[in-house]
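Enquirer: This is the structure I have questions about; it appears just below.
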2 protein chains.
Amino acid sequence: MVEPHQTNVVLVGKKDIMNYVLAAIRLFNDGAEEVIIRARGMNICKAVDVAENIKNLFMKNTEVAGVEIYSEELEDPKGKKKRVSAIEIKLVKKQ
Amino acid sequence: MVEPHQTNVVLVGKKDIMNYVLAAIRLFNDGAEEVIIRARGMNICKAVDVAENIKNLFMKNTEVAGVEIYSEELEDPKGKKKRVSAIEIKLVKKQ
């Protein structure tokens, strides 16, 4: 897992998929050699779509260097702990 | 990617997550050294939950040996082609 505030991370949430695709493309265009696509729970599917869209359609010079799945323990507003699955997809520029 | 009809594959679909958790546990108990959890589209999140549940709660002697994401081209009933993201999670018994 990467550091939480690393600047080349795209955290996939509720917005439309293209927001995250564009965010990642911008990071690559700003000089990033790798970009991490990260998501939790129901957004995991969207994160996979984001990565597949980038490498197959928008930036064919990128590839998936690794995928990691893990669980995070979150606290809901009532203080109850809950385990949530998460994913990290590492996209890199092809050498 | 593994062969489509390999017997140690759990294809995650619309059923409740526990169906797939149990299917994977049964494969391990029948002697499988590795089990592939596979899913497409919206079921990708469920596949990650299945894998995390197995290794964190039900079979702590298993671990994720690799995760792969890819795209499949499917034809809808009208013959129109559509790209769908997919995931394969390889669970293995710890050595």
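Enquirer: Restricting the search to the stretch B:20-55, which residues are within 14 Å of residue A:42 (Cβ to Cβ) and either under 10 Å from the mean Cα position of the chain (by Cα) or open to solvent by 10 Å² or more (accessible area, probe 1.4 Å) (or both)?
Expert: B:39, B:41, B:42, B:43, B:44, B:46, B:47, B:48, B:49
Enquirer: For the structure I just gave you, tell me whether residue B:60 is of a type in the set (Lys, Arg), farther than 29 Å from residue A:63 by Cα and free of Cβ contacts under 8 Å to residues at least 60 places away in the same chain.
Expert: Details: of a type in the set (Lys, Arg): yes; farther than 29 Å from residue A:63 by Cα: yes; free of Cβ contacts under 8 Å to residues at least 60 places away in the same chain: yes.
For residue B:60, the condition - of a type in the set (Lys, Arg), farther than 29 Å from residue A:63 by Cα and free of Cβ contacts under 8 Å to residues at least 60 places away in the same chain - is met.
Enquirer: Here's something else I'd like to know. Test each condition in (1) in contact with a helix residue (DSSP H, G or I) (Cβ under 7 Å, 6 or more places away or on another chain); (2) crowded, with 16+ Cβ neighbours inside 10 Å; (3) away from chain A (no Cβ under 13 Å) for residue B:9 and report the one that comes out false.
Expert: Looking at each condition in turn, residue B:9 falls short on (1).
Enquirer: Would you check which residues across the stretch A:56-71 are of a type outside the set (Val, Ile, Thr) and over 11 Å from the mean Cα position of the chain (by Cα) and list them? Talk me through it step by step, then tell me what you get.
Expert: Start the filter on the stretch A:56-71 by keeping residues that are of a type outside the set (Val, Ile, Thr), which leaves A:56-61, A:63, A:65-66, A:68, A:70-71.
Result: A:56, A:57, A:58, A:59, A:60, A:61, A:63, A:65, A:66, A:70, A:71.
Enquirer: For the stretch B:56-88, how many residues are in a helix (DSSP H, G or I) and open to solvent by 60 Å² or more (accessible area, probe 1.4 Å)?
Expert: 2
The values are calculated or read from the model by the stated rules, or taken from the named source; none is laboratory data. All figures in this text were calculated on a predicted structure; none of them were measured in a lab. For neighbour counting, all protein chains shown are included, and Cβ atoms are generated from backbone atoms with ideal geometry for every residue, glycine included. Each accessible area value is taken on the protein alone, full model and side chains, heavy atoms only, with ligands, DNA and RNA left out. Shrake-Rupley method; radii C 1.70, N 1.55, O 1.52, S 1.80 Å.
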